[in-house]
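Colleague: If you scroll down you'll find the structure; I have some questions about it.
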Amino acid sequence: MTADRGNAPTPASVEAQVRDERTAAWLGLALGVTFSVCFATGLLSHLIQDPPGWFTWPPRPAGLYRITQGTHVVTGFASIPLLLAKLWVVHPKLFAWPPVRSVAHGLERLALVPLVGGGLFLLLSGTLNVARWYPWSFFFPRAHYWAAWITLGALAIHVGAKAATTRRALGAARGTAPGAEGDGRARRAFLGAVAATSGLLAVGHAGGTVGWLSPLSAFAQRRPHQGPQDLPVNKTARSARVLSSARDPGYRLVVEGGRRRLELSLDDLREREQHEAELPIACVEGWSASARWRGVRLRDLLDEAGTPAGAEVEVQSLQQGGLYRASLVNHRQARDPDTLLALQLDGERLHLDHGYPLRLIGPNRPGVQQTKWVHRLVIR
Ligand code: HEM
């Protein structure tokens, strides 16, 4: 068999094919999808943690937050190769001359600053946050949140400006548009390699939630069965500085704000009716793991304290200071039969790092809201 040297691809023809409008359009389409998924799931996480008056996050389905936030982080990681590949493909255009051809073209180019800057910032800050490395002094969720709005605004302008080019380029990909050149092998190989890298990064993090993927997940920062009592921990009793207060024999749970004030020792709590629920800890960082919890139903304590219908509850920790030392349980979550003040985990007394002597665990709540080392409930 003889090679047809006339048709053999040269480095220049391969580069021309890979760096063309069609490659840019496919990558843009994929990034549009992944960034929209990240934006929707991230916004949801923001609303759950900082709910405006019109928003009440329901307690069911119990595992919904673990899916939405797991999707957020996995999709974010999958976006990294897509964005880097897209920048590599289009960057010669950034230096095309003249830099501005009209007012509209100038505005479109200006929108690239927040689009590229915001996209890179979101992916980098998200990655470092998940790695628990904070080489900055700003508050990550707030900076990440506002960067998301700015980036999505710039993305909308960019999509509007490039819609006609994208349609034409994808038409060319199906061979229906004039100007479809080459057999597309180089482009397909390049896009395939980018997709495979995105897939690897996604699998590399999905093992933080999906048990059977865990052995394949080189980058998962927590794994479903690693930690005391086979459950991962982010905040330890030592870092929360509750080592002695949590073990104080004079411990009491105070319930106030209802018609009766309660002050209950651990024995008082153990004597009350106990319930069991299988519920996940679903971390804002994307990992999650299920366990069997046993304790007193929050709604039983609220009834005992004479709580008015529709009240919400602030659950306070022994932890001194820190952003997550208290959490709010809305009226729907407070009445859910599986919202517990847990004394046990998988049939054993709670480990200190899991919140001994008492922790909140409820369905469909972010991990940061499953308050540990609980000592006070304030009914509002
Ligand atoms: C590698 C990529 C990414 C990772 C690892 C990541 C990770 C995270 C994490 C861990 C949080 C929870 C923060 C907390 O509550 O403490 C979060 C929230 C959020 N993310 Fe991302 N993210 C990534 C990319 C993106 C992208 C591309 C967007 C938007 C296009 C986005 C939008 C948001 C929003 C709006 C929030 C809510 C912030 C808040 O609670 O105020 N993220 N992200």
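Colleague: Taking a ≥ b ≥ c as the square roots of the eigenvalues of the Cα gyration tensor of segment 310-380, is the shape rounded (a/c under 1.5), prolate (a/b larger than b/c) or oblate?
Modeller: Note, shape of segment 310-380 comes out oblate.
Colleague: Quick query: amide H of Arg349 versus all other amide H atoms, modeled in the peptide plane; which residues come in under 5 Å with a sequence gap of 5 or more or a different chain?
Modeller: Those lying under 5 Å, H to H, from Arg349: there are none.
Colleague: Using each residue's phi in segment 211-223, evaluate 6.51 cos²θ - 1.76 cosθ + 1.60 at θ = phi - 60° and report the 3J(HN,Hα) Karplus result to the nearest Hz, with x for Gly and Pro.
Modeller: Once θ is set to phi - 60°, the couplings for segment 211-223 become x, 6, 8, 3, x, 8, 8, 5, 9, 4, 7, 9, 10 Hz.
Colleague: Then there's this: For the ranges 49-55, 218-224, what's the packing order if you count other beta-carbon atoms within 10 Å of each residue, average per peptide, and put the highest first?
Modeller: So the order, starting with the most tightly packed, is 218-224, 49-55.
Colleague: Quick one: compute the contact order of segment 246-380, relative version, from alpha carbon pairs under 8 angstrom and 6+ residues apart, as a percent.
Modeller: 31
Colleague: Can you tell me the equivalent ellipsoid semi-axes for segment 245-380? Use √(5λ) from the Cα gyration tensor, largest first, whole Å.
Modeller: Equivalent ellipsoid of segment 245-380: 20, 17, 15 Å, largest first.
Colleague: If you don't mind, another one. Hey, what angle do you get for helix 140-173 against the long axis of the chain, alpha-carbon based, 0 to 90 degrees rounded to 10?
Modeller: The helix 140-173 is inclined about 30 degrees to the chain.
Colleague: Right, something else. For q = 0.13 Å⁻¹, what log10 I(q)/I(0) does the chain give under the Debye formula with an equal point scatterer on each alpha carbon and no solvent?
Modeller: -1.04
Colleague: Still on this structure, I have one more. Compute the long axis of helix 21-49 from its Cα atoms, compare it with the longest principal axis of the Cα atoms of the chain, and write down the angle in degrees, 0 to 90, nearest 10.
Modeller: Approximately 10 degrees, to the nearest 10.
Colleague: Can you tell me how segment 1-125 classifies by the Cα gyration tensor, rounded, prolate or oblate, using a/c under 1.5 as the rounded cut?
Modeller: Note, shape of segment 1-125 comes out oblate.
Colleague: Could you compute the FRET efficiency for Arg380 and Trp54, with r as their C-beta to C-beta distance and R0 at 25 Å, rounded to 0.05?
Modeller: 0.90
Colleague: Within straight cross-link reach of Lys372, meaning Cα distance under 20 Å, which lysines are found once same-chain residues fewer than 8 apart are removed?
Modeller: Lys235
Colleague: Would you please report the Å³ per residue occupied by the convex hull of the alpha carbon atoms in segment 249-291?
Modeller: Expressed per residue, the convex hull around the Cα atoms of segment 249-291 is 153 Å³.
Colleague: Grab the other residues whose beta carbon is less than 15 angstrom from that of Pro215, score K and R as +1, D and E as -1, and report the net.
Modeller: My count for the surroundings of Pro215 gives +2.
Colleague: Going by the alpha-carbon gyration tensor, a ≥ b ≥ c the square roots of its eigenvalues, is segment 121-248 rounded (a/c under 1.5) or, if a/c is not under 1.5, prolate (a/b greater than b/c) versus oblate?
Modeller: oblate
Colleague: If you count, for each residue, the other Cβ atoms within 10 Å and average over each peptide, how do 359-366, 230-237 line up from highest to lowest?
Modeller: Result, highest mean first: 359-366, 230-237.
Colleague: If you add up the charges near Leu94, with Lys and Arg at +1 and Asp and Glu at -1, over every other residue whose beta carbon is less than 13 angstrom from its beta carbon, what do you get?
Modeller: Every neighbour counted, the sum reads +3.
Colleague: Using θ = phi - 60° and the Karplus relation 6.51 cos²θ - 1.76 cosθ + 1.60, list the HN-Hα couplings for segment 270-277 in order, rounded to whole Hz, with x at every Gly or Pro.
Modeller: Calculated HN-Hα couplings, in order: 5, 6, 6, 4, 9, 9, 10, 8 Hz.
Colleague: For the chain, what is the percent of antiparallel DSSP beta bridges, rounded to the nearest 5?
Modeller: Percent antiparallel among DSSP bridges in the chain is about 90.
Colleague: A further question follows. Relative contact order for the chain using alpha-carbon pairs under 8 Å, separation at least 6, rounded to a whole percent?
Modeller: 19
Colleague: So what is the calculated 222 nm ellipticity per residue for the chain, using -39500 (n - 2.57) for each DSSP H run with n of 4 or more, over all residues, to the nearest 500 deg cm²/dmol?
Modeller: My calculation for the chain gives -15000 deg cm²/dmol from helical runs alone.
Where a number appears in this text, it was derived from the coordinates with a stated rule and is not lab data. Fair warning: this is a prediction, and the values are worked out from it, not measured in the lab. Cβ sites come from the backbone with ideal geometry, for glycine too, and all protein chains shown count toward neighbours.
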